[in-house]
Amino acid sequence: MAPSAAGDPTEAPVAVVSAAGSTEGAHGESTLTVVVAFGANLLIAVAKTVAAVMTGAASMLAEAAHSWADAGNEVFLLIAQRRAARAPDPSHPLGYGREVYVWSLFAAIGLFAVGAGVSITHGIQELIHPEPASNFGIAYVVLGVSAVLEGISFVQASRQVKRAAARQDRDVLEHVLETSDPTVRAVFFEDAAALVGILIATVGIALHQVTGSAIPDAVGSILVGVLLAVVAVVLIDRNRRFLVGQAVDPSLQAAAVRALLELPEIDRVTELRLEFVGARQIYLVGAVDLAGNMAEDDASHVLASLERRISATPAVVGATLSLSEPQDPGL
C-alpha cells in the first residue's frame, strides 16, 4: 500500500511542536530580555556601590552585591544563549541546546555565592560590630532610581512570560517554573527579587535612620541574602532537572498525541516521549500503528517520511518513530 497523502509537509510538525509546548517565544526576545536586564543591573550596581561607600549602610552594601551578582549572571546567560545556538555536528548530533542549562546553572550558583553569601556575611558582621550610617538621602535616591530601572527590566521579562503563558494556557508563575527557557526564568526571578530586596533595604535603612541603631540595617542585609539564596536554589533545581532530562507537561504530551493521530498515516500512538534538549527544543521518540496493511518496505518509507517532516521544524532536533506491537494499547 502506498503512503497516503499528507497535505502540507510543514503542517504536521508545527502541530506536534505547538502541542508539545516547545514554541515558547522567539530567541531574539529572550536575548532582548537579558540585555535589558544586564544594562539595568550594571548601572544599578555602580550606583549602589557608590552609595554603600558614602552611607556605610549594610543594606546598601547587600544591594550592591546583589546587583553585581545579577549583572554577572546576565553575562553567563548571554554566553549560554550563544553557545546553545551552535548547529549540530558529529560529536553532538542533537546540537548544543543543553549548554543553556549549564551556563544558567553557573549563573545561579554565582547568585548564591556572591549575592547571598556577601549579603548574609556582611549583615552578621554588622550585627557583631555595628557601624553608624550617614547620608541617608543618597541611599534613598539610589534605591528609588534602582527601583525604576529594575521595574523596566521586570516589565520586559513579564511581557515575554505573559505572552508565552497565554499560549500554553498557564498562569504566569507556573509558566516561569516550567518553561524550558532558563534565561527568561532567571531574569524574571532575579528582577522580582531585586524589587523585593530594594523594599527590604529601604525599610532597614529607614529604621536605622529613625532609631539610630544599626541592627535593623544589618537584619535587612541578612534578609536580602536569604531572599537571594532562595531564588538561587530554585534556579539551580530547575536547571538541574532540565540537564538530566525533563519531559514535557502531561497535558502537552496528550495534546501532542492528538496532533499525531490527526495525521492520515497514523491510526494509533502507543508510545510517545517528548524530552527537552534545550530552550524551545525537543526530541521526539514514539511508536505508532500506521493506517492500512503496509508491506515492511512501505512502512519503513512512511516512518522515515514522518520523521523528516517532524524534524523539519526548528524546535524539533530529531524524531525517532517505530512500529507499535499489535498488543500495545493506544495512548
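The values are calculated or read from the model by the stated rules, or taken from the named source; none is laboratory data. These figures come from a predicted structure and were not determined experimentally. FYI the Cβ positions are ideal-geometry reconstructions off the backbone, even for glycines, and counts take in every protein chain you see. Heavy atoms of the whole protein, side chains included, go into the accessibility calculation; ligands, DNA and RNA do not. Shrake-Rupley method; radii C 1.70, N 1.55, O 1.52, S 1.80 Å.
The table that follows gives values for the structure above.
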{"item": "Nearest-0.05 FRET efficiency for V230 and Q327, computed from C-beta distance (R0 56 Å)", "result": "0.70"}
{"item": "Percent carbon-and-sulfur accessible area, the chain, ignoring ligands, DNA and RNA, probe 1.4 Å", "result": "66"}
{"item": "Amide H partners (placed H, <5 Å) of D289, local residues excluded", "result": "D267, R268, V269, T270, S324"}
{"item": "Kyte-Doolittle mean at least 0.5 and Cα axial length at least 30 Å: DSSP H helices in the chain", "result": "27-55, 136-168, 182-211, 215-244"}
{"item": "Max mean-square fluctuation residue, GNM over the chain, Cα-Cα springs under 10 Å, options A71, A45, A87", "result": "A87"}
{"item": "Dimensionless Rg/Rh of the range 80-202 - Kirkwood Rh, Rg from C-alpha atoms", "result": "1.10"}
{"item": "Unit charges on C-beta of K, R, D, E only; dipole of the range 174-303, Debye", "result": "740"}
{"item": "Nonlocal amide H pairs with V316, under 5 Å, H built at 1.01 Å", "result": "I282"}
{"item": "Cα-based equivalent ellipsoid of the range 28-117: semi-axis lengths in Å, sorted from largest, via gyration tensor", "result": "33, 13, 7"}
{"item": "Value at 222 nm in deg cm²/dmol, rounded to 500, when DSSP H runs of n ≥ 4 in the chain each add -39,500 (n - 2.57)", "result": "-22500 deg cm²/dmol"}
{"item": "Approximate spin-label separation E296-V46, in nm, with each point projected 7 Å along Cα-to-Cβ", "result": "7.1"}
{"item": "Label zone at L78, where the point sits 7 Å out along the Cα-to-Cβ direction: the range 30-63 residues whose backbone N lies under 14 Å", "result": "31-43"}
{"item": "Per residue accessible area of the chain, 1.4 Å probe, in Å²", "result": "44"}
{"item": "J(HN,Hα) series, the range 170-181, from Karplus relation 6.51 cos²θ - 1.76 cosθ + 1.60, nearest Hz, glycine and proline x", "result": "10, 7, 4, 5, 4, 5, 4, 6, 9, 4, 7, 9"}
{"item": "For the range 141-248, Kirkwood radius (reciprocal of mean inverse C-alpha pair distance, Å)", "result": "15.4"}
{"item": "HN-Hα J in Hz across the range 274-291 - Karplus 6.51, -1.76, 1.60, θ = phi - 60°, x for Gly and Pro", "result": "10, 10, 6, 10, x, 5, 6, 10, 10, 10, 10, 10, x, 10, 9, 9, 7, 5"}
{"item": "Alpha carbon Rg of the chain, scaled by the compact-globule rule 2.2 N^0.38 Å", "result": "1.25"}
{"item": "For the range 238-331, alpha-carbon Rg and Dmax in angstrom", "result": "13.9, 46"}
{"item": "D_trans [Stokes-Einstein, Kirkwood Rh over alpha-carbon pairs] for the range 200-273, 10 °C, 1.306 mPa s, µm² s⁻¹", "result": "94"}
{"item": "Computed Kirkwood radius, in angstrom, where 1/r is averaged over Cα pairs of the range 115-183", "result": "15.5"}
